[in-house]
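Trainee: Dropping the structure in here first, questions after.
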Amino acid sequence: MSQVDQIASAEVNHDIIIIGGGPAGLSFACSMANTGLSIAIIEKQPLKSLSDPSFDGRDIALTHQSVRILKELGVWARLAEDDISPIREAKVVNGTSPYTLDFDTHSDAISALGFLVSNHKIRKTLYDQASQISNLEILTESTVVSIDLNDAGANVTMDNGLSLGASLVVAADSRFSETRRMVGIPASMHDFGRICIVCRIEHELPHEQTAYECFHYDRTLAILPLNKCQSSIVVTAPMSHRDAIMGLSDEQFSQDIQTRFSGRYGKMSLASERFAYPLVGVHASKFFTNRFALIGDAAVGMHPVTAHGFNLGLSGQEILANEIISAGNDINSQQALKRFETRHMLNSRPIYHGTNEIVRMFTDDRTPAKVLRSLTLRAANNFPPVKRMIRNKLTESQQPGGFLPRLRNSWANRNRA
């Protein structure tokens with residue numbers, strides 16, 4: 001693998017160009033390893049940001065399906081044991097009510113509902129795995145300025161004058177994807193008018209590997225169990241509250257979280273920097289066009305309340321890789337891209353719109369909404385089939401195993417023959 005820093009105007013041909021070197025783009029490159037295809041990633045950040053990303057406050061709740069994908073890609077084994085924290089129980093709190101909606105693994109064959117891993121650790125291990133791919137080239141500090149898609153192929157031009165040709169372009173360049181706009185794929189965007197503030201906090205009492213989602217009336221507080229007596233904190237509040245929350249001293253912020261959590265974990269102390277992210281949901285109207293496909297947040301950008309954004313990105317790239325590999329040498333197969341879109345739409349649309357409805361209901365402080373919230377939690381708790389369905393969707397513990405390794409090996413063997 002090589003990095004391109006400064007290149008005079010030229011044209012280089014690849015089979016697939018991936019725009020965006022985040023988790024979705026890197027995982028897709030890993031999925032296409034051993035196929036013999038020539039692949040390039042275009043990333044605007046410097047190489048250091050990919051190879052050694054900084055802590056950004058975000059801890060990702062991985063489903064069982066995501067863990068399975070990361071294992072098949074060889075990424076999971078690169079994580080240290082201390083980097084992984086299992087979630088064994090989860091409780092949903094409604095306002096000031098002591099009643100909670102509970103999920104656990106006591107009567108199931110699974111050891112955990114999900115697994116928490118820091119975003120920067122996942123990014124680093126994905127890069128480390130991708131850096132071993134002989135048929136992958138990563139071009140950093142490069143920005144795409146134009147894309148030409150036609151029957152003969154795709155052409156991507158960058159700000160450094162380099163022009164890349166390919167059979168297929170895959171965009172993974174965030175929910176505000178410029179390349180999605182360049183090729184004319186519209187997307188519906190929902191600005192929640194809220195800010196997400198994330199950090200880590202230490203506490204006196206053990207969390208027993210329990211995650212809490214507290215829907216208070218002015219904001220939402222998620223407290224997610226990390227290793228030892230430390231938790232990941234996710235506060236969502238109206239955007240107008242951003243400066244007031246970020247302006248609190250470390251002691252004031254810790255005390256505020258401790259009070260809002262009713263002192264369940266004893267004294268709390270901030271253990272990291274605080275990071276603030278605006279909340280905007282995005283869903284593209286379609287996921288492909290001729291010689292072009294969308295994955296990751298470029299396809300679907302989620303509100304974090306159900307923790308499905310990263311997991312959808314992983315599953316989406318796997319679906320695309322499966323379809324491309326199944327199509328053999330026809331990388332731009334319209335039938336394969338259509339199958340990818342259909343499967344990913346079926347996965348993402350219900351979760352995307354369902355999550356938005358959950359956010360709407362649990363951020364509405366009017367009396368009818370409060371009553372509906374209470375009834376919803378009690379209904380979910382007291383009807384086992386409903387509760388089981390919700391839990392299986394959140395954990396993705398019932399998803400079938402992947403067949404990507406078998407497909408990759410089959411293609412590699414065919415190419416060697």
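Read the figures in this text as sums done on the coordinates, not as results from a lab. In this text the structure is predicted, and so the values were computed from the model without any measurement. So basically every Cβ, Gly included, is an ideal-geometry build from the backbone, and we count neighbours across all protein chains shown.
Trainee: Collect residues whose amide H, placed 1.01 Å from N in the peptide plane, falls under 5 Å from the amide H of S38; neighbours closer than 5 in sequence don't count.
Mentor: Under 5 Å from the amide H of S38: D15, I16.
Trainee: Under a 5 Å amide H to amide H cut-off, with H placed in plane at 1.01 Å, what residues pair with H190 once short-range neighbours are removed?
Mentor: HN-HN under 5 Å from H190: G281, V282.
Trainee: May I ask for log10 I(q)/I(0) of the range 197-281 at q = 0.15 Å⁻¹, from a Debye sum over the Cα atoms as equal point scatterers with solvent left out?
Mentor: Values, matching the q order: -0.50.
Trainee: Let me ask something else. The range 118-189: which trypsin sites (Lys or Arg not before Pro) are DSSP loop and have at most 10 other beta-carbon atoms within 10 angstrom?
Mentor: none
Trainee: Counting only Cα, what are the radius of gyration and maximum Cα-Cα distance Dmax of the range 230-360, in Å?
Mentor: Just the Cα atoms of the range 230-360 yield Rg and Dmax of 20.1, 60 Å.
Trainee: Which order, highest average first, do 270-279, 332-341, 25-34 follow once you tally other Cβ atoms within 10 Å for each residue and take the mean per peptide?
Mentor: Highest mean packing first, the order is 25-34, 332-341, 270-279.
Trainee: With respect to the cross-link table entries K71/K121; K44/K71; K71/K338; K228/K267, which display a Cα-Cα separation exceeding 18 Å?
Mentor: In this structure, K44/K71; K71/K338 exceed 18 Å between Cα atoms.
Trainee: Using the alpha carbon gyration tensor of the range 142-207, what are the three equivalent-ellipsoid semi-axes (square root of 5 times each eigenvalue), largest first, in whole Å?
Mentor: 39, 16, 11
Trainee: Sticking with this structure for a sec: Using alpha carbon centroids, what distance separates the range 28-82 and the range 149-196, in Å?
Mentor: Cα centres, the range 28-82 to the range 149-196: 20 Å.
Trainee: Can I ask one more? I need the peptides 42-48, 245-251, 63-69 ranked by packing, meaning the mean over residues of other C-beta atoms within 10 angstrom, with the highest value on top.
Mentor: 63-69, 42-48, 245-251
Trainee: With θ set to phi - 60°, apply the Karplus curve 6.51 cos²θ - 1.76 cosθ + 1.60 along the range 21-36 and write out the HN-Hα couplings as whole Hz, x wherever there is a Gly or Pro.
Mentor: x, x, x, 5, x, 5, 5, 5, 4, 5, 5, 9, 5, 6, 7, x
Trainee: When ranked by the protection proxy of mean other Cβ atoms within 10 Å per residue, highest first, what sequence do the peptides 346-352, 146-152, 229-235 form?
Mentor: Output ranking for 346-352, 146-152, 229-235: 229-235, 346-352, 146-152.
Trainee: In addition: Per residue of the range 285-291, in order, report the coupling 6.51 cos²θ - 1.76 cosθ + 1.60 (Karplus, θ = phi - 60°) as ³J(HN,Hα) in whole Hz, putting x for Gly and Pro.
Mentor: 3J(HN,Hα) across the range 285-291, in whole Hz: 6, 8, 10, 7, 9, 4, 6.
Trainee: For N227 and K338 in one chain, what is 0.36 nm times their gap in residues minus the Cα-Cα distance, to one decimal in nm?
Mentor: 35.7 nm
Trainee: While we're looking at this one, here's another question. For the range 118-179, take N as its residue count and report Rg(C-alpha) divided by 2.2 N^0.38 Å.
Mentor: 1.31
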